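Take a look at the structure below.
The values are calculated or read from the model by the stated rules, or taken from the named source; none is laboratory data. What you see is a predicted model; the values in this text were computed from it and never measured. Neighbour counts are summed over all protein chains in view; Cβ atoms, including those assigned to glycine, are modelled from backbone coordinates with ideal geometry. Calculation scope for accessible area: heavy atoms of the full protein, side chains included, ligands and nucleic acids excluded. Shrake-Rupley method; radii C 1.70, N 1.55, O 1.52, S 1.80 Å.
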Amino acid sequence: MKMIVLVTGATSGFGLAMVNHFGSNGHHVIAIGRRVERLNDMKNKLGSKLLLLKLDVRDGSEVQKVLRSLSHPFSEIDLIINNAGLALGMGPANKAQLSDWDTMVDTNIKGVLNCTSAVLPGMVERNRGHIINLGSVAGEFPYPGGNVYGATKAFVHQFSLNLRADLLGTALRVTCIEPGMCGGTGFSEVRFKGDVKAAEAIYAGVDPLTAQDIAETVYWVATRPGHVNINVVSMMPVQQAFSPFAIHRNK
Ligand SMILES: NC(=O)c1ccc[n+]([C@@H]2O[C@H](COP(=O)([O-])OP(=O)(O)OC[C@H]3O[C@@H](n4cnc5c(N)ncnc54)[C@H](OP(=O)(O)O)[C@@H]3O)[C@@H](O)[C@H]2O)c1
């Protein structure tokens, strides 16, 4: 079945790979981001099957207004992928800037809520739809410097499960995708505020996941038979695993 797919954070990394993957497989795609001019090449490739929407997911009233007034053939969204998100900083909590914490909460939590609440009533009315949220292994496993970023992704995990609880009895599906280290996206450059060296150092000597790995996983989740709900996908590169418990020893 051909779907109407909405991807937030479509201008870079995972989102861009998803636009390409779903679009190349014949689905209609609504691509949301602030820098939508980055998708001009994709527009040439996918033509009228791609709708570009310049939107900041933090702006709840604008998101509601735009997503509730979409016209044919983009109005009846089958799949929303809440992918827009970011980490800012990797220092300890006592050295973090409150404005960075606010931006992560507003984007990773409130952005997901703004977009979900705009499309969910229509999906329930049609008794058809799938919500796929981008969490992270940082929402399950703590690490130094992950403070508010990890906490926002823990929210995404639990919100996804709670949505499923509310939607029992409908045909709607909900999934949380929780990747570990993934390279080749804008994520680390954003986190380190343009410090390319610091961003590259994160991936030194590691063969990380790629945006294409994530796009293919999301595609697989979205194309399971209608009676199958994949609740959570936790995925990492083979070269990443879990920390032992940290112990601070007295000298
Ligand atoms: N890369 C990783 O290792 C990794 C691992 C686990 C989870 N994740 C999660 O996966 C998602 C995608 O990450 P990525 O690696 O693809 O990062 P990325 O390349 O930096 O892409 C992030 C996307 O989010 C969009 N975005 C950010 N703030 C926005 C806002 N206020 N309104 C609309 N769009 C906004 C950006 O678009 P504009 O700037 O154009 O608006 C961009 O398209 C994020 O939620 C991230 O937390 C990433």
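A few remarks follow.
- Since only 87, 71, 104 are under comparison, the one whose Cα sits farthest along the positive direction of the charge dipole of the chain, derived from C-beta charges on Lys, Arg, Asp and Glu, is 71.
- Calculated [222 nm] ellipticity per residue, helices only, for the chain: -11000 deg cm²/dmol; basis is -39500 (n - 2.57) per DSSP H run with n ≥ 4, divided by all residues, nearest 500.
- Note on the chain: Lys pairs 8 or more places apart or on different chains, Cα atoms under 22 Å apart, count 15.
- Taking every C-alpha pair closer than 8 Å and separated by at least 6 residues, the mean separation divided by the residue count of the stretch 180-223 gives a relative contact order of 45 percent.
- Magnitude of the charge dipole for the chain, about its Cα centre and with charges confined to Cβ atoms of Lys, Arg (+1) and Asp, Glu (-1), is about 120 debye.
- Note on the stretch 4-235: antiparallel DSSP beta bridges, both residues inside, total approximately 0 percent of the bridges counted.
- The residues of the chain expose on average 51 square angstrom of accessible surface per residue, using a 1.4 Å probe on protein heavy atoms.
- Using C-alpha pairs under 8 Å with a sequence gap of at least 6, the mean separation divided by the residue count of the chain gives a relative contact order of 19 percent.
- Surface composition of the stretch 4-235: carbon and sulfur atoms hold 54% of the protein heavy-atom accessible area at a 1.4 Å probe.
- By the Kirkwood approach, averaging reciprocal distances over each pair of separate Cα atoms, the chain gets a hydrodynamic radius of 18.7 Å.
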